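The values are calculated or read from the model by the stated rules, or taken from the named source; none is laboratory data. For clarity, every value in this text was computed on a predicted model and none was experimentally measured. FYI the Cβ positions are ideal-geometry reconstructions off the backbone, even for glycines, and counts take in every protein chain you see. All accessible areas refer to the heavy atoms of the entire protein, side chains included, with ligands and DNA or RNA removed. Shrake-Rupley method; radii C 1.70, N 1.55, O 1.52, S 1.80 Å.
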Amino acid sequence: MAATPLRERKAWQALERHHAEIAGQHLRDMFASDPGRGERLTAEAAGLYLDYSKNRVTDETMRLLVDLASESGVADRRDAMFRGEHINVSEDRAVLHVALRMPSTATLVVDGQDVIADVHAVLGRMKEFATRVRSGEFRGFTGKPIKNVINVGIGGSDLGPVMAYEALRYYCTRDIAFKFVSNVDSTDFAEAVHGLAAEETLFIISSKTFGTLETLANANSARDWVVSSLGSADAVASHFVAVSTNAERVCAFGIDVANMFGFWDWVGGRYSMDSAIGLSTMIALGPEGFDELLAGFHDMDEHFRTAPLESNLPVLMGVLAVWYRDFFGAQTVGVMPYEQYLKRFPAYLQQLTMESNGKHVTLSGRHVDYDTGAVYWGEPGTNGQHSFYQLIHQGTTLIPVDLIGFGKTLNPIRDHHDLLSANVFAQAAALAFGKTEDEVRAEGTAAPIAAHRVFEGNRPTNVLLAEVLTPRLLGSLVALYEHSVFTQGVIWEVDSFDQWGVELGKVLAQQIIPELTTAEEPPLAHDSSTNALIRKYRSLKS
Ligand code: F6P
């Protein structure tokens, strides 16, 4: 824990002075006076090339931001994480998603237990199971092989699996259909099973706690569907497996622990796609592909653990995020993958970033006097360009954007990929340099219309480039953002690994459920708005 409150750190105060000096500078002038910055302000690791030159920074800014990371104790805290210390202070837990991707030759003893041996024991069981499902050796209740796998989970027990499946679909078996049910809205379940044969369907009930309302409701509906379709409660054993840390609840639901794949309380939900929560990913990709994914995570972990802060990709992205959030007041960050397979990546990042750093107190419980986590959002390019990019270019809000591009497409057709990639570079340049009124006029547009066609520019971007989207690269990309989130959390001195903010709504929903379902309206003791809404709902329902 950094001893000094953030605003009192030397580097923070130096950054405040520095910001006052450079906030008015335009990227146009920064590039004009320093043409080398496009090649210098870059870094590369684990197959990812980061161009951060189109940020509103100078070498001095970067030096001060790295000083801030250093003074905030990023390296010490990172090392404490890798050692398995209980850095999740509000839950008194280790934070060891990095152990999930360590090789079997590593050892890491935490709280008296070799966690690497545990991780590889579960991986071994997952591999055996995934291979049997993929080969058709695993049979359903009526003796048929599995043609549909449905992951039932929500939050971290859904977003990682669905994102990875979409991202790596090119590498996945096409012999099995993969579906993901998360929402308690019955439409999600109904549409997922529509037209499917229960005898060919395997449900993976994924829940760290096995106590999540949405997942249990969907799991119960799945069980009803299997039992009624196959005419026997005995069918459950052949069509359900569980992924959880809670064996007792899994048993109580009716799934044999022999069909359960475990993980540990030191894996946060949003950091769990490479644990047993990735079982659907492993069935889809195959065990070797999953190993590649883990290797990619580990590549970035090693870079984060060993590279100097000034050339450390997650640290650079983390400090830049702090720079815009706290010094420029940027409230949101756009993440735009120019790769259709990454269409669910922004949704995945929303939980990773916002559940981690959307916090208002420090580790010691003091209310922060600075801004913490930004809102993350995004869409694949080029689709976003034809909808919300207008606001990024000409709106009144500063939105730093990460643009993610690839040298090669997995589906080469005509010149589509060059058309796509040209847009990555064009957007980054347009956002940075814009178009002045003089340039507009020189093209023949006179006032007052000229003003509408001016692009102020000075909008910052990071451009991430990789060769091609592979399982390994996806692992590195996710780990890059995980550790960037970590870096921000250390600087802000928040607990990036708890999520108390999701609790209140859950408790209130539990109170309200019976008030919606009883035949007679019960006495309602909420605020007048909630009471009126419940009454209106009951009348609409009836
Ligand atoms: O409500 C938030 C949350 O606790 C997330 O942190 C978590 O990923 C999700 O719910 C699902 O939890 P579980 O895996 O225990 O069902």
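Report the residue count in segment 251-262 for those that are at pLDDT below 95 and assigned to a strand (DSSP E or B).
Here the count works out to 0.
Could you figure out which of (1) in contact (Cβ under 8 Å) with a residue 40 or more places away in the chain; (2) within 28 Å of residue 304 (Cα to Cα); (3) open to solvent by 40 Å² or more (accessible area, probe 1.4 Å); (4) in a loop (DSSP other than H, G, I, E, B) isn't true of residue 104?
Condition (1) is where residue 104 drops out.
Do you know which of the residues in segment 251-267 that are open to solvent by 20 Å² or more (accessible area, probe 1.4 Å) and either within 20 Å of the chain's Cα centre (by Cα) or among the β-branched types (Val, Ile, Thr) (or both) is nearest to residue 175 (Cα to Cα)?
257
For the condition of a type outside the set (A, V, I, L, M) and assigned to a helix (DSSP H, G or I), what is the one hit in 265, 234?
Checking each option against the conditions leaves just 234.
If you check residue 59 against the conditions, is it acidic (Asp, Glu), closer than 28 Å to residue 363 by Cβ, out of contact with any strand residue (DSSP E or B) (no Cβ under 8 Å at 6 or more places or on another chain) and modelled with pLDDT of 95 or more?
no
I'd like the residue in segment 456-511 that is under 30 Å from residue 438 (Cα atoms) and polar (S, T, N, Q) and, out of all such residues, is farthest from the chain's Cα centre (by Cα).
Checking each candidate, the answer is 458.
How many of the residues in segment 201-224 are over 19 Å from residue 513 (Cα atoms) and either within 16 Å of the ligand (Cβ to nearest atom) or open to solvent by less than 50 Å² (accessible area, probe 1.4 Å) (or both)?
Matching residues across segment 201-224 total 11.
Given segment 280-364, what helices (runs of 4 or more DSSP H) lie entirely inside it while holding 1 or more residues that are under 19 Å from the mean Cα position of the chain (by Cα) and more than 21 Å from residue 101 (Cβ to Cβ)?
Those helices (runs of 4 or more DSSP H) span 313-322, 345-350.
Scan segment 360-379 and tell me whether some residue there is in contact (Cβ under 8 Å) with a residue 24 or more places away in the chain, surrounded by 12 or more Cβ atoms within 10 Å (Cβ to Cβ) and over 30 Å from residue 16 (Cβ atoms).
Yes - at least one qualifying residue is present in segment 360-379.
State whether the residues of segment 234-243 include one that is of a type in the set (Phe, Trp, Tyr) and either within 16 Å of the ligand (Cβ to nearest atom) or in contact (Cβ under 8 Å) with a residue 40 or more places away in the chain (or both).
yes
How many residues does segment 156-193 hold that are closer than 22 Å to residue 216 by Cβ and open to solvent by 50 Å² or more (accessible area, probe 1.4 Å)?
Of the residues in segment 156-193, 8 are closer than 22 Å to residue 216 by Cβ and open to solvent by 50 Å² or more (accessible area, probe 1.4 Å).
Specify which of the listed residues (81, 62, 102) is touching a helix residue (DSSP H, G or I) at 6+ places or on another chain (Cβ under 9 Å) and over 27 Å from residue 465 (Cα atoms).
81
Would you mind telling me which numbered condition in (1) under 25 Å from residue 132 (Cα atoms); (2) in contact (Cβ under 8 Å) with a residue 40 or more places away in the chain; (3) within 28 Å of the chain's Cα centre (by Cα) residue 212 fails?
The failed condition is (1).
Do we have residue 248 as within 15 Å of the ligand (Cβ to nearest atom), open to solvent by 10 Å² or more (accessible area, probe 1.4 Å), in a helix (DSSP H, G or I) and free of Cβ contacts under 8 Å to residues at least 12 places away in the same chain here?
For residue 248, the condition - within 15 Å of the ligand (Cβ to nearest atom), open to solvent by 10 Å² or more (accessible area, probe 1.4 Å), in a helix (DSSP H, G or I) and free of Cβ contacts under 8 Å to residues at least 12 places away in the same chain - is met.
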